[in-house]
Amino acid sequence: MTSNNPQTREWQTLSNEHHLAPFSDFKQLKEKGPRIITNAEGVYLWDSEGNKILDGMAGLWCVAIGYGREELAEAASKQMRELPYYNLFFQTAHPPALELAKAIADVAPQGMNHVFFTGSGSEGNDTMLRMVRHYWAIKGQPKKKTIISRVNGYHGSTVAGASLGGMTYMHEQGDLPIPGIVHIPQPYWFGEGGDMTPDEFGIWAANQLEEKILEVGVDNVGAFIAEPIQGAGGVIVPPESYWPRIKEILAKYDILFVADEVICGFGRTGEWFGSDFYGLKPDMMTIAKGLTSGYIPMGGLVVRDEVVAVLNEGGDFNHGFTYSGHPVAAAVALENIRILRDEKIIERVKAETAPYLQKRLRELNDHPLVGEVRGVGLLGAIELVQDKATRARYVGKGVGMICRQFCFDNGLIMRAVGDTMIIAPPLVITKEEIDELVSKARKCLDLTLSALQG
Ligand SMILES: Cc1ncc(COP(=O)(O)O)c(C=O)c1O
């Protein structure tokens, strides 16, 4: 992005000379220069060029209550003055962390009353891996170490997080996955369902869990981890047959079930958790993102009472982070949950904006580039194809990236996962803003099609 604005150029120079950006090709970014986001309000961002952009991704799926809420800034500044930091190690605690643990337990599925705090979703999943293995060791079954997860799932970027995730391009860097983590196919009908109906494919994909448990041996399997809806993998909404079959398999074998709720949690599906949406009964839930609406980093692991009862018998759990339950983050999260609850934001998503977004998005099905539109709650995906009937892709064209660039240039953030465009706007988005999002998306699809034909 070349700019005539000296201030933009100055920031881009700082980026080139000093910054290594996450998930980026450093050299390419130096040549192009990052877009500089300077401020935000509601569902809109502004960049240093003065462009107003509708944030169809709520940052990185996190800004649930929208940008610019003074109450969260107030909560942070009050807590910084009162107690900016103290830790939860060595038998101390502080009010914000304890009150937040209770507030999370109040909205979590029944019987999930304890929270272990972390600084991020990745740390939440690292914590999960260690806690699962500790749990089985206490129960006298130390061999139950293996965690089953899914190809193209995303569980973070730490060594354990990236190993649990099923992103092969992440595994290729750094000899991952670490031992004791195995993957099964994902329930991605559009991409991988072939000639099966979605429901046949959903059953097939779920049965892979049972096959893997039998292959590894139930005595060696500690847990199965999955996102209720895969987010970063491309908003993969499983076929309706999938979760019911998984539930049957989980009921049959003595393993733990971990729902990674980092994206689905805190209202994204129109329920507090994706597990509520699908009627799942997790033993542990990883949380982050919507917990603080991204205003400050925080994550955690919510743990079922029966699991805690076992952990209580195990002595020290030798695990924790300097910033576990950070008081400022906890105060912000508490205020965020209060706003979600008092303003009935999740109820409004369920009753009004989610049905509206899903209806408006599906109107894009008539576009020649669109092979499928799917979504749940305020999550959506648009599959870009060359042939609607066969679901065949454009080969080697980078259609998703072309479309993403048109979106940026036309005031909309839509993310591209390969040739799948995905959205997850702030939960406070209005119907008028949804209209704007869908009409901008259509315009960018038109521009993408013209570019492919031109
Ligand atoms: C489902 C899921 N789990 C875990 C993570 C990792 O969270 P973090 O980036 O806060 O470490 C993410 C991040 O996108 C995620 O989507």
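The values are calculated or read from the model by the stated rules, or taken from the named source; none is laboratory data. Predicted model, so just to flag it, every value in this text is computed and none were measured. Reconstructed Cβ throughout: ideal geometry from the backbone, glycine too, with neighbour counts over all protein chains shown.
What to note about this one:
- Hits in the range 72-116 - residues which are surrounded by 13 or more Cβ atoms within 10 Å (Cβ to Cβ), of a type in the set (D, E, K, R) and within 25 Å of the chain's Cα centre (by Cα): E99
- Qualifying residue in the range 243-260 (condition: in contact with a His (Cβ under 8 Å, 6 or more places away or on another chain), closer than 20 Å to N125 by Cβ and of a type outside the set (G, A, S)): yes
- Filtering the range 154-169 to residues that are under 18 Å from E227 (Cα atoms) and either among the polar types (S, T, N, Q) or surrounded by fewer than 19 Cβ atoms within 10 Å (Cβ to Cβ) (or both) leaves S157, T158, S163, M167, T168.
Per-residue answers, yes or no, for (1) within 24 Å of the chain's Cα centre (by Cα); (2) on the phi < 0 side of the Ramachandran plot; (3) not polar (S, T, N, Q):
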| residue | (1), (2), (3) |
| --- | --- |
| V395 | no, yes, yes |
| C403 | yes, yes, yes |
| C407 | yes, yes, yes |
| G418 | yes, no, yes |
| I429 | yes, yes, yes |
| L447 | no, yes, yes |
| S450 | no, yes, no |
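Per-residue answers, yes or no, for (1) outside any helix (DSSP H, G or I); (2) more than 26 Å from D25 (Cβ to Cβ); (3) modelled with pLDDT of 95 or more:
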| position | (1), (2), (3) |
| --- | --- |
| F190 | no, yes, yes |
| G202 | no, yes, yes |
| A206 | no, yes, yes |
| L209 | no, yes, yes |
| G233 | yes, no, yes |
| I249 | no, yes, yes |
| V258 | yes, yes, yes |
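- Residues in the range 396-451 that are farther than 30 Å from G265 by Cα and of a type in the set (K, R): K397, K443.
- Restricting the first member to the range 373-399 and to residues that are assigned to a loop (DSSP other than H, G, I, E, B), and the second to residues that are among the acidic types (D, E), the beta-carbon pairs closer than 6 Å and six or more apart or on different chains are R393/D419.
- Residues located in the range 28-55, provided they are of a type in the set (A, V, I, L, M, F, W, C), touching a residue at least 60 places away in the same chain (Cβ under 8 Å) and in contact with a Phe, Trp or Tyr (Cβ under 7 Å, 6 or more places away or on another chain): I53, L54
Let's see how each residue does on (1) within 15 Å of the ligand (Cβ to nearest atom); (2) crowded, with 24+ Cβ neighbours inside 10 Å; (3) more than 19 Å from A232 (Cα to Cα); (4) of a type in the set (D, E):
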{"residue": "D260", "(1), (2), (3), (4)": "yes, yes, no, yes"}
{"residue": "F266", "(1), (2), (3), (4)": "yes, yes, no, no"}
{"residue": "F273", "(1), (2), (3), (4)": "yes, yes, no, no"}
{"residue": "D276", "(1), (2), (3), (4)": "no, no, yes, yes"}
{"residue": "K281", "(1), (2), (3), (4)": "no, no, yes, no"}
{"residue": "T286", "(1), (2), (3), (4)": "yes, yes, no, no"}
{"residue": "L291", "(1), (2), (3), (4)": "yes, yes, no, no"}
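- Odd one out for M170, checked against (1) within 22 Å of G274 (Cβ to Cβ); (2) of a type outside the set (V, I, T); (3) out of contact with any Gly (no Cβ under 6 Å at 6 or more places or on another chain); (4) within 14 Å of the ligand (Cβ to nearest atom): (1)
- Cβ pairs under 9 Å, 6+ apart, first in the range 229-242 and farther than 14 Å from T269 by Cα, second within 9 Å of the ligand (Cβ to nearest atom) and part of a loop (DSSP other than H, G, I, E, B): A232/G153; A232/Y154; A232/G165; A232/I263; G233/G153; G233/Y154; G233/G165; G233/E227
- Hey, R348 modelled with pLDDT of 95 or more and outside any strand (DSSP E or B) or not: yes
- Filtered by the rule that a residue be under 25 Å from A226 (Cβ atoms), in contact with a strand residue (DSSP E or B) (Cβ under 7 Å, 6 or more places away or on another chain) and within 16 Å of the ligand (Cβ to nearest atom), the range 299-349 gives G299, G300, L301, V302, F321, S324.
- Residue satisfying condition, being part of a strand (DSSP E or B) and over 24 Å from A424 (Cβ atoms), within set F116, F90: F116
- R245 being over 17 Å from G165 (Cβ atoms) and crowded, with 24+ Cβ neighbours inside 10 Å: no
- Yes/no for G194 being touching a strand residue (DSSP E or B) at 6+ places or on another chain (Cβ under 6 Å) and assigned to a loop (DSSP other than H, G, I, E, B): no
- In the range 74-92, the residues that are of a type in the set (G, A, S) and free of Cβ contacts under 8 Å to residues at least 12 places away in the same chain: S77
- Qualifying residue in the range 62-71 (condition: aromatic (F, W, Y), within 16 Å of the ligand (Cβ to nearest atom), touching a strand residue (DSSP E or B) at 6+ places or on another chain (Cβ under 8 Å) and touching a residue at least 12 places away in the same chain (Cβ under 8 Å)): no
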